[in-house]
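Q: Let me begin by handing over the structure; questions about it come next.
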Amino acid sequence: TAGLYLLATPIGTARDITLRALDILASADVLVAEDTRSLRKLLEIHGVPLGDRPVLSYHDHNGAQMRPRLLALLAEGKSLAYASEAGTPMIADPGFDLARAVREAGYPVTSAPGPSAVVTALTLGGLPTDKFFFAGFLPNAKGQRKTALAGVKDVPATLVFYESPKRIAAMLADAAEVLGAEREAAVCRELTKKFEEIIRAPLSELAQICADRTLKGEIVVLIDRAGSPSVSEIELESQVSEALETLSVRDAVDL
Ligand code: SAM
């Protein structure tokens, strides 16, 4: 039936795809991809036959022309499956305008959730995960980057950024200057891939480490919120409250 499926695809390891995403890839009438070559490769790896189904390209630069074409396919009763190049569509990737147009035209939009670098970095980075603020990619120009950093300085949550390896050292140096040298931060690199690495340190130290080393690959940066108690302080606090609870239970029993 006519509708749009938004499929999450792996961010590094091909087997990180859900069974449901594979089912949809096998059965949708039309496949749509930000990068048609990556999607064809994924189908090949998982032995999903394409048959005579088209794989159409949809990305930021052709979205306006493609949307009417895709809506016309929906009007013919076709189901569409959309995958961005990697991870979850719309998370620093195209798909938002497409999903909105499909919804406005009255067709269902369904998600097959799965990998995203934001959540993967949070689970591995070692910074608090109770609240986070995804800030996407910062502007490349230094002045604009510092203004954007100043704008999130007081957000009471772990800050999450996507950054290119070319700019990581400069970005961290600016972050140390604007947000404070002592804030705990983590560089999460090549997640789910062979050279996966987490480097965690206060911002100024992390900036120095990244200036001394040439980091390659894909990177997520996490920065702790302002004035956050360190993780060990949080653990200590919960140990203290547990101890107090045990104490009052014991006292109650004694009485
Ligand atoms: N839609 C994707 C998602 O759900 O994470 C993100 C697409 S965005 C164009 C690509 C950026 O995501 C990279 O520059 C990097 O910052 C981050 N990223 C993607 N895969 C990653 C990985 N395996 N390890 C670390 N960062 C990754």
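Q: Taking the options Ala141, Ala135, Ala72, Ala101, name whichever one is farther than 20 Å from Pro54 by Cα, without any contact (Cβ under 8 Å) to a residue 24 or more places away in the chain and among the aliphatic types (A, V, I, L, M).
A: Residue meeting the stated conditions: Ala141.
Q: Within segment 1-16, does at least one residue satisfy the condition of being buried (at least 16 other Cβ atoms within 10 Å of the Cβ), within 16 Å of the ligand (Cβ to nearest atom) and part of a helix (DSSP H, G or I)?
A: no
Q: Shifting gears a bit: So is Thr18 among the β-branched types (Val, Ile, Thr) and in contact (Cβ under 8 Å) with a residue 24 or more places away in the chain or not?
A: Taking the combined requirement at face value, the residue satisfies it.
Q: How many residues are among the charged types (D, E, K, R) and surrounded by 15 or more Cβ atoms within 10 Å (Cβ to Cβ) if we restrict to segment 187-206?
A: Adding up the residues that qualify gives 5.
Q: Quick check on my filter: what residues within segment 144-179 are part of a loop (DSSP other than H, G, I, E, B) and under 24 Å from Gly12 (Cα atoms)?
A: Ser164, Pro165, Lys166, Arg167
Q: Being part of a strand (DSSP E or B), touching a Pro at 6+ places or on another chain (Cβ under 9 Å) and either more than 10 Å from the ligand (Cβ to nearest atom) or of a type in the set (S, T, N, Q) (or both) is the filter here, so list the residues in segment 180-207 that pass it.
A: Passing the criteria: Glu184, Ala185.
Q: Would you confirm whether or not segment 109-123 contains a residue that is more than 17 Å from the chain's Cα centre (by Cα) and either modelled with pLDDT of 95 or more or basic (Lys, Arg) (or both)?
A: yes
Q: State whether the residues of segment 131-149 include one that is closer than 16 Å to Ala226 by Cα and in contact with a Lys or Arg (Cβ under 7 Å, 6 or more places away or on another chain).
A: no
Q: Identify all residues within segment 100-124 that are away from the ligand (no atom under 11 Å from the Cβ), surrounded by 14 or more Cβ atoms within 10 Å (Cβ to Cβ) and assigned to a helix (DSSP H, G or I); write none if there are none.
A: Ala101, Val102, Leu122
Q: Show the residue pairs that are 6+ apart or on different chains and have beta-carbon atoms under 6 Å apart, the first residue being within segment 205-226 and farther than 14 Å from Asp174 by Cβ, the second being more than 16 Å from the ligand (Cβ to nearest atom).
A: Listed by first residue and then by second, the contacts come to Asp224/Arg183; Asp224/Glu184; Arg225/Pro156; Arg225/Ala157; Ala226/Asp154.
Q: Counting just the residues of segment 46-99 that are part of a helix (DSSP H, G or I) and either within 16 Å of the ligand (Cβ to nearest atom) or modelled with pLDDT under 95 (or both), which one comes out surrounded by the fewest Cβ atoms within 10 Å (Cβ to Cβ)?
A: Going through the qualifying residues, I end up with Phe96.
Q: Here's something else I'd like to know. I'm trying to understand the selection: among the residues of segment 127-138, which are surrounded by 12 or more Cβ atoms within 10 Å (Cβ to Cβ) and in a loop (DSSP other than H, G, I, E, B)?
A: Once the filter is applied, which keeps residues that are surrounded by 12 or more Cβ atoms within 10 Å (Cβ to Cβ) and in a loop (DSSP other than H, G, I, E, B), segment 127-138 yields Leu127, Pro128, Thr129, Leu138.
The values are calculated or read from the model by the stated rules, or taken from the named source; none is laboratory data. Here the structure is a predicted model, which is why all the values come from computation and not from measurement. Cβ coordinates were reconstructed from backbone atoms using ideal geometry, including for glycine residues, and neighbour counts include every protein chain displayed.
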